[in-house]
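J.: Dropping the structure in here first, questions after.
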Amino acid sequence: MAIQRTFSILKPDATRRNLTGAINARFEENGLRIVAQKRIHMTRAQAEKFYEVHSERPFFGELVDFMISEPVVVQVLEGENAVAKNREIMGATNPADADEGTIRKDFALSIGENSVHGSDSDENAAIEIKHFFKDEEIVG
Ligand code: ADP
Ligand code: MG
């Protein structure tokens with residue numbers, strides 16, 4: 001399996017509850033390395049662009065309002081099979097469906113306020129990383 005990079009966000013419900021360290025520990029314990037990270041307050045334009053693929057979904061407005069409600073931490077995670085590995089560590093979108101020991105099972109508040117974002121493919125990871133990081137800000 002190849003070393004990959006994936007894009008991750010610690011969402012506003014996580015920063016608000018001071019859970020950034022606890023969640024980062026999950027990544028590191030599971031073999032993912034945080035090779036770039038910054039805390040930002042997303043603008044509405046950034047959030048709308050980032051979630052553009054969901055713009056027709058009924059929850060789009062709520063999702064954008066949530067993502068700009070408090071700071072977030074945007075990250076690049078690196079490791080073996082990082083995209084799929086991170087999705088596994090995160091757990092299902094709805095915490096009610098998430099496996100035991102996953103981030104969303106242990107920390108998420110609801111299907112919307114679900115603590116983390118993770119890219120769903122190698123292709124989207126590359127696109128999403130470029131939304132928030134310059135090449136020189138990623139140090140593996
Ligand atoms: P994932 O984050 O697991 O890849 P999606 O890409 O389907 O999930 O959805 C993006 C985000 O939109 C979710 O993480 C969640 O914050 C929000 N979301 C998804 N479905 C719903 C829903 N039914 N109601 C409210 N928010 C939702
Ligand atoms: Mg998704």
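J.: Among the residues of the range 56-68, write down those that are open to solvent by 30 Å² or more (accessible area, probe 1.4 Å) and under 16 Å from the mean Cα position of the chain (by Cα).
T.: Ile68
J.: Which of the following residues is of a type in the set (Val, Ile, Thr) and within 14 Å of Lys11 (Cα to Cα): Val83, Val72, Val139, Val76?
T.: Only one candidate passes the filter, namely Val72.
J.: Restricting attention to the range 28-40, does a residue exist that is among the charged types (D, E, K, R) and either surrounded by 16 or more Cβ atoms within 10 Å (Cβ to Cβ) or out of contact with any strand residue (DSSP E or B) (no Cβ under 8 Å at 6 or more places or on another chain) (or both)?
T.: Yes: the range 28-40 contains one or more residues that are among the charged types (D, E, K, R) and either surrounded by 16 or more Cβ atoms within 10 Å (Cβ to Cβ) or out of contact with any strand residue (DSSP E or B) (no Cβ under 8 Å at 6 or more places or on another chain) (or both).
J.: Still on this structure: Within the range 74-81, is there a residue that is within 16 Å of ligand 1 (Cβ to nearest atom), out of contact with any Pro (no Cβ under 9 Å at 6 or more places or on another chain) and either assigned to a loop (DSSP other than H, G, I, E, B) or open to solvent by 70 Å² or more (accessible area, probe 1.4 Å) (or both)?
T.: no
J.: Go through Lys130, Lys85, Lys134 for me and flag whichever is farther than 24 Å from Arg16 by Cβ and surrounded by 20 or more Cβ atoms within 10 Å (Cβ to Cβ).
T.: Lys85
J.: Mind counting the residues in the range 102-122 that are more than 8 Å from ligand 1 (Cβ to nearest atom), farther than 12 Å from Ile89 by Cβ, open to solvent by less than 40 Å² (accessible area, probe 1.4 Å) and in contact with a helix residue (DSSP H, G or I) (Cβ under 6 Å, 6 or more places away or on another chain)?
T.: 2
J.: Let me ask something else about it. Identify the single condition in (1) modelled with pLDDT of 95 or more; (2) part of a loop (DSSP other than H, G, I, E, B); (3) away from ligand 2 (no atom under 14 Å from the Cβ); (4) open to solvent by 50 Å² or more (accessible area, probe 1.4 Å) that Glu48 does not satisfy, given that it satisfies every other one.
T.: So Glu48 meets the others, but not (2).
The values are calculated or read from the model by the stated rules, or taken from the named source; none is laboratory data. The structure presented is a predicted model; accordingly, all values stated were derived computationally and were not measured. Note that each Cβ is placed from the backbone with ideal geometry, even for glycine, and that neighbours are counted across all protein chains shown. Only protein heavy atoms, including side chains, enter the accessible area calculation; ligands, DNA and RNA are left aside. Shrake-Rupley method; radii C 1.70, N 1.55, O 1.52, S 1.80 Å.
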